Amino acid sequence: MTYARTSGPAKTAAKSATAALLGLSLLGACANQPTVAVPPPQAQAPQAAPEPQAQPAQPQPEAAPTPPPPPVPADATVRVALLLPLTGKAAGLGEAMQEAAQMALFDAADDHFELLIRDTKSTPEGSVAAAQDALAAGASLLIGPVYGVDAKAVAPVAGTVPVLSFSNDATVADTHAPTGGTWVLGFQPQDQVARVVSYAAGHGLTHLALLAPVGPNGDMVEQAMRDAASKAGADLAKVARYQPNQKDVSDTIKRLSNFDQRHAMREAARDAAKAGTPATPGAGPDDLPFQAILIAEGGQRLREVAPLLPFFDIDPGPVRFLGTGQWDEPGIGREPALVGGWYASAAPDARQGFEKRFSDVYGERPQRLATLAYDATALAAVLAKAHKAYVRENLTNPDGFAGIDGVFRLLPTGQVERGLSVLEVTKTGVTVVDPAPTSFTAPAQASGS
C-alpha cells in the first residue's frame, strides 16, 4: 500500500490529533558549502634541462573537495519504502510501527512524498520480496526491516539504495560500498552503557561490577562497560555471567558478592566479640570490591534477578544499581530493589507527548519501537522536503537530527549515535537526573568506541 501526504491513516478520523509537529527537524544549516578547485599550473617557457640533483620531495596539490550531491528536483515525487512485519509472528509490532510512521507522514512530509508500505511477513524471505517490490516501485530509500536477520537478507537486494534498519544488531551495519549501505537505528547497549557508566564515575562510583547473561548481548555490554570504565578512569572489578535460560541465578550472585566468605567473616567477628578478642585488621565482612553494579536485564527477568542482590548482601543503599534502556518500561519502580537505580535512555518528555498523541489517534498505547518508525519516516520526509537526495553525505549529516527519542546521527560506520538522558528509578516512575544533550558538539565517532 502507498500513503501520500494527502491521504490519511486508516484508523484516524480526525487529522487534527497529529497536526502539532512534535518530531524531527534538521539540526544546523542545510545550505550547500562552496567548493574550491585547485588552480591549474601555469605554462612555463622551455628551458635547458639542468644537471640532475637530489631534491626534496615536493608537496602534492590537495585534491579538489568533492562537490555536494545535486538536489532533488522540487517537483519530483520521492518514494520511500517502509518494510514491516504486518503479518506473521511480529504483526502487532509491525502495525504499531506503521501507525507511528503515518503520524510522521502527516507531521513532516509534503505532497511530493510517498510512503510505500510493504509486508515482510516476519521472515527473511518475505523481507527480500518486500524490498524487491518496493525497489521496482521506485523506492529511493528502504526503512526497515525490524530484525537483524531480515536486514542482512535485504542488504544485497538493496544495492545502491540505502537501508535504515530498525535492528540493534551492530553486525548488520555495512557501509563499505561507496553507495547505499545499511544503518542500524535500534537502541544499542553500547551507547547506554557508556552514558550511565560515565555518569556514575563522575559521581565517585569508580569500582564497578556487571551481572549479565551469556550471549552476544551480554558480550556487547561487557565490552562496552570495560571501554567506558577505562575512559572514565574507573575499573570493572567483578563480572558475573549466567546462562540466559538459567532459572535460578542465586549461585552466580552469591559468588559475585563473596557471600559465603563474608558470612564466615561475620560469624568470626561475632565470636571474637563474645570472647573479647580484638577484631582482625583488614577488609570487613560488609566490604564489597565494587560501588555500583550494572544489571543487563529487562522485563520480567530483571524483576526476578534484582531482588536476589540484596538477599545476598548486595544492598541498593551502599551499592548503586545501574541499567540500560531495557529498564525503560512502565512500573519499574514497583520492584523495591531497583528504586534509586540509574539507567540511560532517551529523554522521556518528547516520547510521553508522542505516546499521548498516538493513544488519542489509535486508542492504544504504542509499543516502544514505534518511535523508531516515526523518527525514521520523519527523517526521510525532512530530507525530501529540503530536496536532499538519500546519499551518504546527507544521511550522515554530522549535526544530526532531533526526533521523538532525542538527538541522533547516522555515522559513516553504519551505527547510530544518540544523545541519552540518565534516569533514576523512583517508587512512582522515573526522574531525569542528567538531561540528554540537545545537539552534538563532539565529532561523530563509532558507537561503543
- Item | Evaluation of His176 against (1) assigned to a loop (DSSP other than H, G, I, E, B); (2) of a type outside the set (D, E, K, R); (3) under 19 Å from Ala91 (Cα atoms) (one fails), failing number | (3)
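Pull up the range 321-337, narrow it to residues that are outside any loop (DSSP other than H, G, I, E, B) and surrounded by 20 or more Cβ atoms within 10 Å (Cβ to Cβ), then point me to the one that is farthest from the chain's Cα centre (by Cα). Talk me through it step by step, then tell me what you get.
Start the filter on the range 321-337 by keeping residues that are outside any loop (DSSP other than H, G, I, E, B), which leaves 321-323, 325-327, 332-334, 336-337.
If we keep only those that are surrounded by 20 or more Cβ atoms within 10 Å (Cβ to Cβ) as well, we get 321-323, 325-327, 332, 337.
On the way: Phe321: 21, Leu322: 18, Gly323: 15, Gly325: 9, Gln326: 12, Trp327: 14, Ile332: 21, Ala337: 26 Å.
So, considering only residues that are outside any loop (DSSP other than H, G, I, E, B) and surrounded by 20 or more Cβ atoms within 10 Å (Cβ to Cβ), the one farthest from the chain's Cα centre (by Cα) is Ala337.
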- Within the bounds of the range 369-382, is there any residue that is assigned by TED's automatic domain parsing to the domain that holds Asn168 and without any contact (Cβ under 8 Å) to a residue 60 or more places away in the chain? no
- Subset tally (residues that are touching a strand residue (DSSP E or B) at 6+ places or on another chain (Cβ under 9 Å) and either outside any loop (DSSP other than H, G, I, E, B) or surrounded by fewer than 22 Cβ atoms within 10 Å (Cβ to Cβ) (or both)) for the range 179-197: 12
- Matching option when the condition is more than 16 Å from the chain's Cα centre (by Cα), buried (at least 22 other Cβ atoms within 10 Å of the Cβ) and outside any loop (DSSP other than H, G, I, E, B), among Ala384, Ala350, Ala376: Ala384
- Positions within the range 173-200 being within 18 Å of Gly325 (Cβ to Cβ) and aliphatic (A, V, I, L, M), in sequence order: Val184, Leu185, Val193, Ala194, Val196, Val197, Ala200
- Residue check, Gly180 against (1) of a type outside the set (Asp, Glu); (2) closer than 21 Å to Ala153 by Cα; (3) modelled with pLDDT of 95 or more, all met but one. Which one? (3)
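The values are calculated or read from the model by the stated rules, or taken from the named source; none is laboratory data. The shown structure was predicted, so the numbers you read here are calculated from the model rather than taken from an experiment. Glycine also receives a Cβ, built like all others from the backbone with ideal geometry; neighbour counts cover every protein chain displayed.
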